[in-house]
Structure formats: C-alpha cells, structure tokens
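Okay, structure first, notes after.
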Amino acid sequence: MKLSLRTKLSLSYVLVALLLVAAISFLSNFFLDKQFQSYVLSQQEQKNKSTVTRINQQYNDNGKGWNGVNLENIGESALEDGIIIKLKDSTGKTIWDARLHNKGLCSKMLSHMEENMASRYNDFKGGYVEKEYPLTYNAREIGNVKLGYYGPFYFTDDDLDFISTLNSILLVVGAGALLFALLLGAYMARRLSNPISRVIKSANQIAKGDFSGRIPEISNTKEIGELTTTINGLAETLEGQETLRKHLSADVAHELNTPLATLQSHIEAMIDGIWKPDKQRLKSCHEEVIRINKLVKDIEKLARYESENLNLHKTDFDLSALIQNITGNFEADFANKGININFTDRKHKINADKDKISQVLVNLLSNALKYTEKGGSIDIELKETTDKIAFSVKDNGIGISSEDLPHVFERFFRADKSRNRMTGGSGIGLSIVKAIIDAHKGSIDVNSEPAKGTEFIVILPKHAE
Ligand code: ADP
C-alpha cells in the first residue's frame, strides 16, 4: 500500500509522541516506585526510632516505673500512624499492648494497609512484621518494645493520592503532547508535501511539453528548495532550447531564402535564354552556392556549439603561442589590407578546448579584419590573474552603433546587412564565439564606438573545474 508523504509524516510524529509518552510514563512510574519505596522505608525507620525514644522517656526510676497514661497516649497516636506497640518490662511482664487495648482497630488498620498495597500492586507480598528494640535507663535494661506494622513497607492513603495525582498529570501531559505532535505533524507534512506536489505538477507539465510553468515559492527546506530550483532551471533550459530550435528553423529558412531565390532566378534566366550562361554569370552563381554552403556549415557548427551538451576536449596549452599561430595565418590578409597587428608574446598556460578557442580567435580576428579600413591596426592583449585569463582583440575600424551593440551576439545579426553580404558575413560568427565561451564557463564583452573601433574582451577560467 502506497501512503502519501503527508500520512507517513503525520503517523511518524504520532508514533514518536506515543512512544515518548509511554516511555516517560513507564520510567517515571518505575523510578517513582523505587524512590517512594525507599522514602517510605526510611520514614518507617524514623517513626520507629522516635516512638522508641518517646516510650523510653516514659520510664521513671524513682519508684514509680512506667507512666501508664502517657504510654497509652503514645500507643494510640502510634496506632494512628500504623504502628502496633507491645511493651514489656525486664521481667517479661506486658506493660502496654495495642492489641489488648484495641484489637479491632489494629486488625482494621492492617487490613486497610493490605487493601492499599493490593490496589497499587497486583501481587504484593507483604504482611505483618515486628521489630524489637531494647529499652535502657542509665545503661540498665528496663525492658523491650516490639513495634509491629505492615511490611516490608506500605503506602498510606495520602501516598496513594499523591501517586494517582502524579499519574493524572502525566496522562494530561501525554495527551497534550500527543495532540501537539498530531498538529505539528500535520503542519510539517503540509509544508513538505505542498511544494513537492507543486514540483510534481510542474514536472508533469514539462513532460507534456509545456515549459512555461515555474514554481514561485522557494521552500526554506534545503532539499525541497534545491528540487524547486532544479525543476525551475530544467523548465528554463528546455524552454530556452525550444525557443532556440524554433528560432533556428525560422532564421535558417529566412537566411537561405534570399541566396536561393537569387540563384533560382539566375539559373532560370539562363535556361529561358534571357541570360547567356557565360563565365561571369556562372561565376556569380558559383559564389552564391559557396555563400550558401558556408552559411549551412556555420549553421551546423552553431547548432553543435549551442547544444547544451557541447563536449569540450580540454588540454593544457600555451594561449599566447596559439594566438601567435593564428595571427600568423592571417598575416597575408592583414598585409594585403595594410593593417598592422600588434601582439606581445608571453607564456600564458590555460586548460581549455584548443580547437574551439582557435575558432574564437579566428572569428574575432576575421571580424577585425573585415571591419577595419586600410591602414588600421589591431591590438591583441593577454592578461592573467590567479584563476583567470583574459584576452582582448581591439581594432580601430568602423565600430558598432550603440543600438546594434547589444545584439551582436545574436544569431544572424548583422549591423549593416547590405555591407555584410559584400563581406560574406552571415551573422553567425559571434554567436559561435559566445557559445564556445559559455561552454567554457567564461564571459565575453564588447566595447565599441562608431568610426573609432571595437574591442572584444574574453575572460576564461584558467583551469578545468
Ligand atoms: P558576421 O559574419 O556578419 O561578421 P558576426 O556574428 O561575426 O557575423 O558579427 C555580427 C555583426 O557584428 C557583424 O555583422 C558586424 O556588424 C558586427 N561586428 C562584429 N565584429 C565587428 C568589429 N570588429 N567591428 C565592427 N563591427 C563588428
């Protein structure tokens, strides 16, 4: 049988409370009994001693012997206290005997005590016991007294009342604790199960493909808080991927539309004989095909890099050597355009995916090359802190307007579409750069001013996590 978390929690609280109340009741009764027994025993001993002392004091040596009136008073009050006195002198003659004085009261008292003990213990093995004490006067034996009572110990009515009051208090406290546990259990169970129910609802929504729902309440229970955050994060990631997928299809269709339409019209014009398929026209068609091909490859690369599970093959390598290498590959292009490139080589080790960081550098440098006029210059700087490496690629080219700047990392974004078509830009280069940097848990920033230049700053963690 599957029980809900709420039922299970409430039941456990009640069970714990029940066990506690039972344990407290059992232990307190057990120890109370023990303590009480030894208290009653020591009380009995004290009563015996004080009775013997009082009896002893009634002896008078100046010919009068025992004071009978006082002895009777002592005997009667001892009887009320549960003690049956039998006093004999040194010759063995009975001076005072409670049984002879009031036999009925003695047996009534003993049977009452027996009843008291039977009410408390099922099988109490007790009965009448006697203790003998010698009596002396000036170091001379003057007789002995036997004190009889119900032994080994007994509880008076007051004692029994005390025990029963204590048990009633325990019962009330127990019932209160039980009720409190029940209420607290129900409250805690509600607090735990409500957010979990919401997480289940949200997870079901996600399973059905609806990623829009979020769990607004953040629980202060650590694990539930983490679960909520994880489910919210999952919904966000899936929603992001879904949007990415939808946009990518729309963007790709849109991007391919123009070059394909151009290509189609050119070829149709040649088929219809409107245009002669001369070398120039075929060359222009070929260029369009190359552009489409590059676009498709870029899209494919971007889709791979943007997917959450982009696999990085991290190795330790010298980043400055890599920059040196790549700028070397661009040397001819920079020289052709009359652009200066400045980079001071120093050793800077990093743990990262070398191929993908090369891609970042290639994209940034080819942009700098594309968007810097003849005679311009490009500066590459490399800095490192204890756990991070930062490099910047700065040009003094055409720059980017402040309206366009926030969008440069978006897919297919081009600041100036017509000019970009001329330079062959598809607006994917920086999206790829961003995807790679994100996968490395790094960051990329851009500063730019039209007609002054642009600077891209990349910060990467130095070591693998
Ligand atoms: P593209 O392939 O069009 O260069 P990118 O994603 O690399 O695509 O860049 C997006 C846009 O950002 C570019 O079209 C361009 O307008 C702008 N841009 C990127 N780098 C520079 C730069 N160094 N100087 C000026 N504009 C730049």
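Diffusion of the range 150-266 by Stokes-Einstein, at 25 °C in a medium of 0.890 mPa s and with Rh set to the Kirkwood radius over alpha-carbon pairs, works out to 119 µm²/s.
Comparing Cα centroids, the range 179-255 and the range 7-65 end up 62 angstrom apart. Annotation: aspartates and glutamates with alpha-carbon distance below 14 angstrom to K208 (same-chain offsets under eight excluded): E239, E242. Distances between placed amide hydrogens fall under 5 Å for D353 paired with T315, all partners being 5 or more residues away or on another chain. Using equal-weight Cα scatterers in the Debye expression, the normalised intensity of the range 348-391 in log10 at q = 0.19, 0.22, 0.24, 0.32 Å⁻¹ is -0.72, -0.86, -0.94, -1.17.
Note on the range 113-161: Kirkwood radius taken over Cα pairs, Stokes-Einstein applied at 4 °C and 1.567 mPa s, translational D equal to 101 µm² s⁻¹.
Maximal additional length on extending the L41-T221 stretch stands at 59.3 nm, based on 0.36 nm per residue less the C-alpha distance. In loop segments of the range 64-101 as defined by DSSP, the trypsin sites (Lys or Arg not before Pro) with at most 10 further C-beta atoms inside 10 Å of their C-beta are K64, K93.
Under 5 Å from the amide H of K388 lie the amide H atoms of K462, each residue being 5 or more positions distant or on a separate chain, with H modelled from the backbone and absent for Pro and chain starts.
Here the simple spin-label model places points 7 Å from the Cα toward Cβ, and for D81 and D416 these points are separated by 12.0 nm. Note that the range 324-382 carries a Kirkwood radius of 12.2 Å, evaluated over its alpha carbons pair by pair.
What angle do you read, to the nearest 10 degrees and between 0 and 90, between the alpha-carbon axis of helix 279-306 and the longest principal axis of the chain? Around 10 degrees separate the two axes.
Here the calculated FRET efficiency for S358 and K452, from their Cβ-Cβ distance with R0 = 35 Å, stands at 0.80, rounded to the nearest 0.05. Prolate is the label for the range 22-72, because a/c, from the alpha-carbon gyration tensor with a ≥ b ≥ c as root eigenvalues, is 1.5 or above and a/b exceeds b/c. Please give the helix 103-120 orientation as an angle from the longest Cα principal axis of the chain, in degrees from 0 to 90, rounded to the nearest 10. It works out to around 10 degrees.
Note on the range 56-211: Cα-only Rg and Dmax are 33.2, 117 Å. A Förster radius of 56 Å, combined with the Cβ-Cβ distance separating E239 from K34, puts the computed FRET efficiency at roughly 0.20.
Computed from the C-beta positions of N342 and K374 and an R0 of 22 Å, the FRET efficiency is 0.85 to the nearest 0.05.
Rounded to the nearest 10 degrees, the angle from helix 429-439 to the longest Cα principal axis of the chain is 20 degrees.
Placing a label point 7 Å from the Cα of V16 along the Cα-to-Cβ line, the residues of the range 180-212 whose backbone N sits under 12 Å from it are 181-182, 184-186, 188-189.
Derived from the Cα gyration tensor, the three semi-axes of the equivalent ellipsoid of the chain are 111, 28, 14 Å, largest first. Fully extending the segment from D158 to T386, taken as 0.36 nm per residue of separation minus the present Cα-Cα distance, adds 74.0 nm. Annotation: amide H of G65 within the under-5 Å range of N60, sequence separation 5 or more or interchain, hydrogens built in the peptide plane. Computed over the range 43-135, the P(r) curve from all C-alpha pair distances, binned at 10 Å from the origin, holds 14, 45, 29, 10, 2, 0 percent per bin.
Since every read-out is calculated from the coordinates, none of them should be taken as a lab result. Just so it is clear, the model here is predicted, and its values are computed rather than measured. Every residue, glycine among them, receives a Cβ derived from its backbone with ideal geometry; neighbour counts consider all protein chains shown.
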